[in-house]
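Here the structure comes first, spelled out in structure tokens, and everything after it is commentary.
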Amino acid sequence: MPVERSRIRSLWVAAAVGFASVGAAFLVGRRDLCGPLLILAFASLALYCRSRPVLRGFTFTAWVFTFVSASMAYPWAFMTWFGFDLVVLIVPLIQIIMFGMGTTLSVADFSRVARMPWPVFIGFVLQFSIMPLTALTLAKVFGFEPEVAAGVVLIGSVPGGVASNVMTYLAGGNVPLSVTMTACSTLASPVMTPFLMRTLAGRFVDIEFVKMMFEIINMIIVPIVAGLIANRILYGRQKSFQQGRIVLLIGLGGVAAGVCIALLAPSAVLTWRNVVLKKDGFVVGTLLVGLVSLTKVVVSIGLKRASNWMDRTLPVVSMAGIVLIIAIITARSAEKLMTVGIHLVGAAMLLNLVGYLLGYGCARIMRLDESSCRTVAIEVGMQNGGMASGLAIDVLKSAPAALAPAVFGPWMNISGSILATWWHRKPATRGPGSKTR
């Protein structure tokens, strides 16, 4: 125990010394040292937060700042590896993250709409009205250049993020409602996000409705559906999913199907005029279903280990994926971030705050119970930054447009953790269906 305490204390000291050294280096004009020192300071802070239960919720944000510091100091390290452009990794990483989201969902999360239609409807309307309109207003007020402004509107036009479910749980909110709202807004995003972008951001950049819709289906919807299938294989009570031979066949079939689609299927699943629905979402989805099934055969059926291994693995994979995505984006717009960074941080904070305040206030006006009001506030205020980043890079073809999602993501987790901690201390009244899963 003393050794453990000493190690934790050394991490805190290393972080404090690192930040103090950054200030000293900046004052004496040695800005070349600021990057390495910031990396050391934030990495130490991330490890310190991870070792302290009360601060564990800030670990992800600390790692984001670590990699942002690295990408600002050494942008070349996040550009290409051995001639391979790392920007190509962004969409597959988001697909893996969305697959993980799908494994946390079930059919019950969608059928729950019939049991609580009014709160879901309120949250849906607020999600796709408050955030995009506020984002457009902030883009105009701050006077961002067109591509950056389009990125601000984009982060306001995407559905709620997966982190909102965790924050709702910590805040004593209605977790089933949160999960259902996230699922419904995500399923509606192939229509709502392109519509909002074309309507609100079309004045900044050209928006192709069908192209963006197809990319959302490929990048978000297909992996989520694959995740739903994996959820059934992992947690289904049918006897067939408990038999190693059958799950092994499913796993081998999934991997084989993914390989065949990648190598033999045409590159376009569907073509509409000059726009195509690409096949990579189907490749990633089938491969992951196969790999998850094979892992279940080894871990759950063969070794008889706990069946919640996926729940422990996915947060780490998602965190690593998002951190790498943000670093890749930052490296491509490091100079731009130096000029608009402060303004983007201000816009992100205001957008997030308005989402929380109006989400809660409107839900209260609509006479929802306190637990549901907190849920709606968090759902409206927290966006799917990964999806926005992927659309900015893959559809808008603009690294500056991806800056707003890259900035909003870390701040969203900071503010969400703070709000959830504050609400956690104030027990909420709960409505029907508000028990945790």
TODO: Compute the FRET efficiency between LEU270 and GLN242 as 1/(1 + (r/R0)^6), taking r as their Cβ-Cβ distance and R0 = 25 Å, and round to the nearest 0.05.
DONE: 0.10
- [ ] For ASP311 and ARG115, calculate 0.36 nm times their separation in residues minus their Cα-Cα distance, and state this gained length in nm to one decimal.
- [x] 67.9 nm
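Mean residue ellipticity at 222 nm from the helices of the chain, using -39,500 (n - 2.57) per DSSP H segment of n ≥ 4 over the full residue count, to the nearest 500 deg cm²/dmol?
-23000 deg cm²/dmol
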Task: Contour minus Cα-Cα distance for VAL210 and VAL298 (0.36 nm per residue) - done: 27.5 nm
Open item on the list: For a distance above 17 Å, tell me the whole-number percent of Cα pairs in the range 145-197 that qualify.
Closed with: 45 percent
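Assuming R0 = 25 Å, can you tell me the calculated FRET efficiency for the pair ILE418 and ILE365, based on Cβ-Cβ distance, to the nearest 0.05?
Details: r = 24 Å, r/R0 = 0.97.
Result of the calculation: an efficiency of 0.55.
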Open item on the list: Below 20 Å, Cα to Cα, which lysines can LYS211 reach? Residues fewer than 8 away in the same chain don't count.
Closed with: LYS278, LYS279, LYS397
Task: From phi via Karplus (6.51, -1.76, 1.60), per-residue ³J(HN,Hα) for the range 403-408 in Hz, x at Gly/Pro - done: 5, 4, x, 5, 7, 5
- [ ] Round to the nearest 0.05 the FRET efficiency obtained for LYS140 and LYS426 when R0 = 41 Å and r is the Cβ-Cβ distance.
- [x] 0.70
Open item on the list: Can you return the lysines within cross-link range of LYS426? Criterion is Cα-Cα under 19 Å, with same-chain partners fewer than 8 residues away left out.
Closed with: LYS435
TODO: For the range 1-82, just the Cα set please: Rg and Dmax, both in angstrom.
DONE: 14.2, 45
Task: Cut-off 14 Å between beta-carbons: net charge of the residues surrounding PHE124, Lys and Arg +1, Asp and Glu -1 - done: 0
Task: Alpha-carbon centroid distance for the pair the range 252-301 / the range 1-53, whole angstrom - done: 43 Å
Open item on the list: Given axes a ≥ b ≥ c from the Cα gyration tensor, I'd like to know whether the range 209-267 is rounded (a/c under 1.5), prolate (a/b larger than b/c) or oblate.
Closed with: oblate
Open item on the list: I'm checking a number: the convex hull volume of the Cα atoms of the chain, normalised per residue, in Å³. What is it?
Closed with: 167 Å³
TODO: Starting at the first residue of the range 268-273, write each ³J(HN,Hα) from the Karplus equation 6.51 cos²θ - 1.76 cosθ + 1.60 with θ = phi - 60°, in whole Hz, x for Gly and Pro.
DONE: 9, 6, 8, 10, 10, 6
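Bear in mind that the values in this text are calculations on the coordinates, not laboratory data. Not measured: the values here are computed from a predicted model. Every residue, glycine among them, receives a Cβ derived from its backbone with ideal geometry; neighbour counts consider all protein chains shown.
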